[in-house]
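Any read-out appearing in this document is the output of simple, stated calculations on the displayed coordinates, not a laboratory observation. The structure displayed is predicted, hence computed values, not measured ones. Reconstructed Cβ throughout: ideal geometry from the backbone, glycine too, with neighbour counts over all protein chains shown.
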């Protein structure tokens with residue numbers, strides 16, 4: 001599943017390739033998506049490449065090849081202003097207004113909200129989905145919790161696989177080495193291992209094919225830490 005920005009960029013590249021056979025420049029991509037800098041385009045291109053939507057052709061300038069287009073459910077018109085409005089704001093309550101502990105039908109389980117899919121590869125927006133799922137009560141400690149579905153493979157060496165459901169304890173700080181949900185620039189959420197390096201924050205994947213992302217601390221907001229994992233076989 002692609003984010004709005006990733007989908008918008010992919011369709012823009014596809015349109016330009018169909019028109020004249022030449023991919024747009026990064027400057028043209030930046031302007032088309034109303035981004036402030038080309039660094040955001042580099043990140044979006046990498047995300048599309050890792051998800052096998054595009055391929056960069058070696059030794060050729062501006063050489064991009066479209067491998068596939070989004071599925072029909074992803075291929076919806078983008079907002080006219082092309083502005084992403086982040087919607088990943090867990091409220092940790094059900095639609096009834098009761099807490100998960102109050103509505104759990106089984107004393108050995110606790111229901112917590114499932115808030116959609118999060119990329120374990122490059123950062124993407126976590127899609128809001130209000131649905132409660134049961135988890136073992138022994139997995140839940142104090143505080144508020146929520147669940148996310150994993151989309152990607154950058155944490156496979158930590159045993160976190162594509163399609164897994166993870167349980168997150170809400171917090172705003174975490175110790176070095178904790179696996180956290182981090183919100184970058186108030187727009188994009190990612191699951192990575194946290195390391196603090198002076199004024200910067202490093203978000204480290206658990207897959208040798210991915211690179212560690214380093215950001216100034218003021219660009220990263222911790223939204224929770226990993227406390228459990230659910231998997232269906």
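Worth a mention:
- The peptide list 149-159, 42-52, put in order of mean Cβ contacts within 10 Å with the highest first, becomes 149-159, 42-52.
- Here the scattering of the stretch 4-66 is modelled by Debye summation over its C-alpha atoms, one equal scatterer each and no solvent; at q = 0.13, 0.14, 0.25, 0.27 Å⁻¹ the log10 of I(q)/I(0) is -0.29, -0.33, -1.16, -1.35.
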